[in-house]
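Colleague: Provided herewith is a single structure, encoded as structure tokens, for subsequent inquiry.
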Amino acid sequence: MTASCTTADRASALERFERELQARHLAPLWRVLRTLTPREPRTAAVPARWEAAELREQLRAAGELISASEAERRVLVLENPAHAGESRITASLYAGVQLILPGETAPSHRHAAAALRFVLEGEGAYTTVGGRRLPMHRGDLVITPSWSYHEHGNDGHEPVMWLDGLDVPIVNALNAAFSEEDTRAAEASRAACADSPSPLSEGMDLADVYFPIGQTLEALAARRRSGRCDVHCGARLEFGGPTGTSLTPTLGAAMQLLPAGFTGRRYRSTDGMVLAVLSGRGRIEFSDQTYPLEPNDIVAVPGWTWHALSAERDLTLFSFCDRPLQRHLRLWREQRA
Ligand code: GTQ
């Protein structure tokens, strides 16, 4: 009797104590310990897919309703359903799809966030990085490293669409975001073509920022011929500098080929990932749902989420992720079923 009274008294005293702590900007760790240091990652982000036809339709509508000069960048941000309003597709990655119409330009600027562009559709656009104009064809990958000036334009006759991947959530979590407009003459007027000898900004090498699709597919075909086909991810190549450095300190990217009939085993890793289908047909299976994969579909694969890939027809997938940062921090882990 006495003991239970004491227990109840103590419980209410503790409750009162915890309420009083709040006013002093103190908090009891014993209430949040498992949230702060979970047994394993528990991401709020959920798997999601954006179907190519629907994306294209919404972008077309955006093209009619807002000009590139009004928008500055005409982009539809891909938001994870569990993170509405937060401009993130996974906990740590930003993704958007940008549309640039013939004759439009998106003015030169730079920001602390690093970016990559993977071209989904249309001919005739370019991105200028560090003073060098890089033509963009479907499947090309263009990197704009942190704090490098970049501008986009479309000299062609068709709308051009690409996937933007940025490390914005990481940079913002670190409260290290800066940006500025390019106050010098427009980059485009000075920019030379990629195949002219005009140098890039100091410390930048063309091979580090520009990955034309032809060379990517050649390398992938060679990987496939070599017979090195992983049971989880098929023939997979990570983009990187010539010396094996990662694409950017935060973001990595890869192209992978799953041969027709491939059924991958389940896999998960701590990095978040965004997939874009270059060609072919297949599907991605999560624990609760399966999405078909068709050209230009985009899928969010949150970190530490089981998934398995399979191909009906030779399936070529582009992806980007925050694996380089996690590796550098020695946090990266993977698990293979
Ligand atoms: O093209 O510079 O999707 O600054 C988001 C922020 C694209 C860009 C985005 C950007 C850009």
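Colleague: Using amide H atoms built 1.01 Å from N in the peptide plane, name the residues 5+ places from L120, or on other chains, whose amide H lies under 5 Å from its own.
Modeller: Those lying under 5 Å, H to H, from L120 are G139, M161, W162, L163.
Colleague: If one computes the Cα centroid of region 216-248 and of region 73-90, what distance in Å separates the two points?
Modeller: 29 Å
Colleague: Rounded to the nearest 500 deg cm²/dmol, what is the calculated helix-only ellipticity per residue at 222 nm for the chain, with -39500 (n - 2.57) per DSSP H run of length n ≥ 4?
Modeller: Helix-only estimate at 222 nm: -6500 deg cm²/dmol.
Colleague: If you don't mind, another one. How big is the charge dipole of region 100-175 about its Cα centre, in debye rounded to the nearest 20, if each Lys and Arg gets +1 on its Cβ and each Asp and Glu gets -1 on its Cβ?
Modeller: 280 debye
Colleague: Sticking with this structure for a sec: So how do 245-252, 74-81, 19-26 stack up, highest first, on mean other-Cβ count within 10 Å?
Modeller: Those peptides, ordered most packed to least, come out 245-252, 74-81, 19-26.
Colleague: Tell me, what is the percent relative contact order of region 11-88, built from C-alpha pairs under 8 Å that lie six or more residues apart?
Modeller: Relative contact order comes out at 24 percent.
Colleague: Hey, another quick one. Report the local net charge at E334: Lys and Arg +1, Asp and Glu -1, summed over other residues whose C-beta lies under 15 Å from its C-beta.
Modeller: Counting the neighbours of E334, the net charge comes to +4.
Colleague: Please list, in order along region 244-252, the HN-Hα scalar couplings obtained from phi with the Karplus expression 6.51 cos²θ - 1.76 cosθ + 1.60 (θ = phi - 60°), rounded to whole Hz, x for Gly and Pro.
Modeller: With the stated coefficients, region 244-252 comes to x, 6, 6, 3, 9, x, 9, 9, x Hz.
Colleague: Along the charge dipole of region 79-145, pointing to its positive end and built from +1/-1 on Cβ of Lys, Arg, Asp and Glu, which listed residue (I89, A125, A112) has its Cα farthest out?
Modeller: A112
Colleague: Between T35, F262, A276, whose Cα lies farthest towards the positive end of the dipole of the chain when Lys and Arg beta carbons carry +1 and Asp and Glu beta carbons carry -1, centred on the Cα centre?
Modeller: My answer, from the dipole projection, is T35.
Colleague: Residue by residue through region 123-136, what is 3J(HN,Hα) from phi via Karplus (6.51 cos²θ - 1.76 cosθ + 1.60, θ = phi - 60°)? Round to whole Hz and write x for glycine and proline.
Modeller: 10, x, 8, 8, 10, 9, 10, x, x, 10, 8, 10, x, 10
Colleague: Quick one: net charge of D314's neighbours, Cβ under 11 Å, K/R +1, D/E -1?
Modeller: +2
Colleague: Same structure again: What whole-number value in Å² describes the accessible area per residue of the chain for a 1.4 Å probe?
Modeller: 51 Å²
Colleague: How high is the relative contact order of the chain? Use alpha-carbon pairs under 8 Å, at least six apart in sequence, and give a whole percent.
Modeller: 16 percent
Colleague: Springs between alpha-carbon atoms under 10 Å, Gaussian network over the chain: tell me which of L101, L200, L293 tops the mean-square fluctuations.
Modeller: L200
Colleague: Moving on. Would you mind working out the magnitude of the charge dipole of the chain relative to its Cα centre, with +1 at each Lys and Arg C-beta and -1 at each Asp and Glu C-beta, to the nearest 20 Debye?
Modeller: Rounded to the nearest 20 debye, it is 1580 debye.
Colleague: Now a separate question. Please identify the trypsin sites (Lys or Arg not before Pro) of region 237-337 that satisfy two criteria: DSSP loop assignment and at most 15 other Cβ atoms within 10 Å. Which are they?
Modeller: Here the trypsin sites (Lys or Arg not before Pro) that fit, given the DSSP loop and packing criteria, are R265, R266, R330, R333.
The values are calculated or read from the model by the stated rules, or taken from the named source; none is laboratory data. Just so you know, these numbers come straight off a predicted model, no measurement behind them. Glycine gets a Cβ as well: all are built from the backbone with ideal geometry, and neighbour counts include every protein chain shown. Side chains are part of the model used for accessible areas, which takes the heavy atoms of the whole protein and leaves out ligands, DNA and RNA. Shrake-Rupley method; radii C 1.70, N 1.55, O 1.52, S 1.80 Å.
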